[in-house]
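The values are calculated or read from the model by the stated rules, or taken from the named source; none is laboratory data. Everything numeric here is computed off the predicted structure, so don't read it as measured data. Virtual Cβ from ideal backbone geometry, glycine too; neighbours counted across all protein chains shown. The protein model used for the area step is the full one, side chains on, heavy atoms only, and it has no ligands, DNA or RNA in it. Shrake-Rupley method; radii C 1.70, N 1.55, O 1.52, S 1.80 Å.
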Amino acid sequence: MAENIRNITGNPVSGPDFHGRQSELKSLRRTVENGNHVLILAPRRVGKSSVVAEIERLLSEDGWKVVSVDVQHAEDEAGFLQLMYEAIDESPVELEKTTGESIRSGIVKFRSMLRGFKAGAAGVKLEVAENESAWEEVANPLRAQIKRLAKTNDRILFAMDELPIFLSSLLKQSNGNARVQRILNWLRSVRQACGSRLPWVLCGSIGLDTFVKNHGLEGSINDLTEMSVGAYSEDDATQLLRRLAAAESEFGELPAEVIVDILNRVGWLLPYYLQLMFHSLVSIADAQRSRNFPSLEDVATAYTAAARTNNLGHWSSRLNDLLTPDEKRRAHLLLNRVAAASDGSTREELLGAFAAAAPQADVDELQQQLRMLLKLLADDGYVFEEVGRVRFRSFLLRDFWKQEFEV
């Protein structure tokens, strides 16, 4: 019998809290053990980070040493390198002491140089050539250390999360394009140095494939084997709800009609949305519960609570990280039109809305902007296109959007 599962919404899970995904885990493990570097692709909230956390746990139990790093909060190249170094230093692998000290001091020097430049005269651009020496003083020894790890007899996995978020932030800084290209090319050179002896797994809530394509950098990740993660099957989703209910003393078992109603209301069967709905269900105050709790009436109450801003507001604020102000305005216009009707909108209708909002704009430019936004919003889990119509992937997200922006 499976151990009790905790209802954790929003954060990666592993062990007893991980559910399903056996096919994905089997495929990922086989790919890694064969020495391939992997890029996990899926819209956000699908559970990519949980899949990586679980494969890390499984491999660790089998004697692998795992280096895991989340780089989303790195402010610049120095912060990125420091996070990488700290992840290696805190992992089970062993660094050469003298080289480690050299890397640490190099990071301090590099950071001082970057910050000193940022504090300099307004309007001065940070040229890559001006800090290349300081970069190489840190990046080259770090690459050499990782290459050395690949030559040991240890089985080592290097897992990196949220690289595109860091790159998106770096892109907005002075000379961002060249600095992003340098990071991506350096990472590729590190993976090449590792060969098949030290596999890498990369994932993130922004698709790295889309990011590099938008900036003409596809060659920087052409060594990665792509693997997708999708929604739960109806059976996996049902079993998750049953496991969650079994862990609640007041439930024991969810009525079949309640499970079906939750699945129908969620629509896109992601762990996050299912766990959010279950959390909302068990959080209904006693005075608001139906006599036959949990009933279909309670599911309706839970759905209304789950679609509130405090649960899904990050979907709106996230556009600030992904888009320029002009792109964000058009994205809001697009999402508002798609949310307005239950069956969504056509591309022609969306293009017409763009043209009405900017009558002086070039139509070809608007079409290109529409294609770019639809691709980005689809990759990130907002919308999908089917039978000529663009719709929200998640009913919960659609209803949140309608409430939040009074569509």
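Points worth noting:
- The chain: angle of helix 97-118 to the longest principal axis, Cα-based, in degrees nearest 10: 80
- Of the beta bridges in the chain, as assigned by DSSP with both residues counted there, near 25 percent are antiparallel.
- nm² value of the averaged projected area, convex hull over the Cα atoms of the stretch 1-101: 8.6
- Net charge, Leu373 excluded, C-beta distance under 13 Å - Lys, Arg +1, Asp, Glu -1: +1
- Partners of Lys48 within straight-line reach, counting lysines whose Cα lies under 17 Å from its Cα and excluding those fewer than 8 residues away in the same chain: Lys26.
- By the Kirkwood approach, averaging reciprocal distances over each pair of separate Cα atoms, the chain gets a hydrodynamic radius of 23.4 Å.
- In this structure, Glu90 and Thr346 have a Cβ-Cβ separation that, at R0 = 51 Å, corresponds to a calculated FRET efficiency of about 0.50.
- Taking Asp161, Asp298, Asp235 and ordering them by how much accessible surface each has at a 1.4 Å probe, largest first, produces Asp235, Asp161, Asp298.
- Taken over the stretch 262-314, the ratio of Cα radius of gyration to 2.2 N^0.38 Å equals 1.09.
- Nearest-ten-degree value, helix 363-379 long axis tilted from longest Cα axis of the chain: 80
- Each Cα pair of the stretch 302-391 feeds into the Kirkwood radius, which the Stokes-Einstein equation turns, at 20 °C and 1.002 mPa s, into a diffusion coefficient of 155 µm²/s.
- Heavy-atom accessible area for Val66, with the other protein chains in place and a 1.4 Å probe, reaches approximately 20 Å².
- Expected-Rg normalisation [2.2 N^0.38 Å, Cα atoms] applied to the stretch 154-246: 1.40
- What you get for the stretch 363-407, charging only the Cβ of Lys and Arg (+1) and of Asp and Glu (-1), is a dipole of about 180 debye around the Cα centre.
- Cross-linked pairs Lys109/Lys147; Lys213/Lys375; Lys147/Lys213; Lys172/Lys213; Lys65/Lys147; Lys172/Lys328: Cα-Cα separations exceed 20 Å for Lys109/Lys147; Lys147/Lys213.
- Among Ala87, Val46, Val66 - extreme Cα towards positive end, dipole of the stretch 1-119, charges at beta-carbon: Val46
- Radius 10 Å from Cβ of Glu24, net charge of other residues (Lys, Arg +1; Asp, Glu -1): +3
- At a probe radius of 1.4 angstrom, the accessible area of the stretch 221-378 per residue rounds to 48 square angstrom.
- Note on the stretch 201-311: along the principal axes its Cα atoms extend 61, 29, 22 Å, ordered by decreasing extent.
- Neighbourhood net charge (13 Å Cβ-Cβ; Lys/Arg +1, Asp/Glu -1) for Lys147: +4
- The stretch 46-92: translational diffusion in µm²/s, Stokes-Einstein, Kirkwood Rh over Cα pairs, 37 °C, 0.692 mPa s: 278
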